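Since the structure comes first, as structure tokens, the remarks are kept for the end.
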Amino acid sequence: MYVPRHPGPNADRRTMGIREVEFVNPESISETLKCPVCFEVFEDPVFCGGRPCQHVFCRTCVEQSMVAESSHSQSACEETTGRTGHCPTCRARIGVEDLQPHQALNSLLDELPVRCRRGCGWTGRRDALPSHESPGPNQCVLLRLESAQAEVAYLSEAGGHLRDRDVRIAQLEARVAEQDRQVVDYGRQLVAKEIRIQELEGLLSQREQDLTQKDLEIAILRQGGDGEKGAVAAPELWL
């Protein structure tokens, strides 16, 4: 997760470089483009051209470092106070006259995408920011107005789409409710038919049992009739 870096609580806000919140993608900015004094993105980066070192700082950061160092030195002369000091990184002796712009870093900084500091929503290369802000606040007001109008139009269109979706959802919910009602009705009819089938099967089984019983009774009666006829005819056979 991206966490902005800030100097300690005792740091002078005047030594700050470019605040990372002014950039479109601050988490993608390389640490190489940040001042080792204020820990912000370089603003007007300078160095000593390799004599005696090549460490880079914001111009304001290194100059105020010299002033602070000289103010604590009892041997510093009034006319030279703040004009010389030590490199904040390697402590090599440097002077204000030795500082020169770091053109390579300036070119890289100019390419970084930034936001309008007036909050109009404009974004672009850092070197294009002055031309954007040069017409004055009215330009940003117009841009903010156009942005607000575009947002209102978008929200209005989105609201229309949402209303259409709500109507469609209501229609689908009604269809689902009707289908649920039909399913319940079909279920009730199915249960009733199953009960009727069981009743008819039971009645049929009872009828079959009754018929079987009748057939058995008829067979018994027939067997009884044949026995009586045989008993009557037997004496004649004896003669």
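Where a number appears in this text, it was derived from the coordinates with a stated rule and is not lab data. Source: prediction; values computed, not measured. Please note: Cβ atoms are built from the backbone with ideal geometry, for glycine as well, and neighbour counts cover all protein chains shown.
Quick rundown of the values:
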quantity: For segment 98-137, alpha-carbon Rg over 2.2 N^0.38 Å; calculated: 1.38
quantity: Mean Cβ neighbour count within 10 Å, used as a protection proxy, ranking 88-100, 165-177 highest first; calculated: 88-100, 165-177
quantity: Point-to-point label distance, LEU172-LEU203, nm (Cα→Cβ direction, 7 Å offset); calculated: 4.8
quantity: Order of SER70, SER107 under a 10 Å beta carbon neighbour criterion, fewest first; calculated: SER107, SER70
quantity: Largest-first principal axis extents of the Cα set of segment 13-134 (Å); calculated: 52, 26, 24
quantity: Label-point gap, in nm, between SER156 and GLU27 - each point 7 angstrom along Cα→Cβ; calculated: 3.6
quantity: Unit charges at the beta carbon, dipole of segment 13-134: most positive-side option, GLY124, ALA92, CYS53; calculated: GLY124
quantity: Per-peptide average of other Cβ atoms within 10 Å, ordering 192-200, 26-34 highest first; calculated: 26-34, 192-200
quantity: Segment 13-134, dipole about Cα centre (Lys/Arg Cβ +1, Asp/Glu Cβ -1), debye to the nearest 20; calculated: 160
quantity: Spacing of the two label points (7 Å from each Cα toward its C-beta) at VAL67 and ARG83, in nm; calculated: 1.6
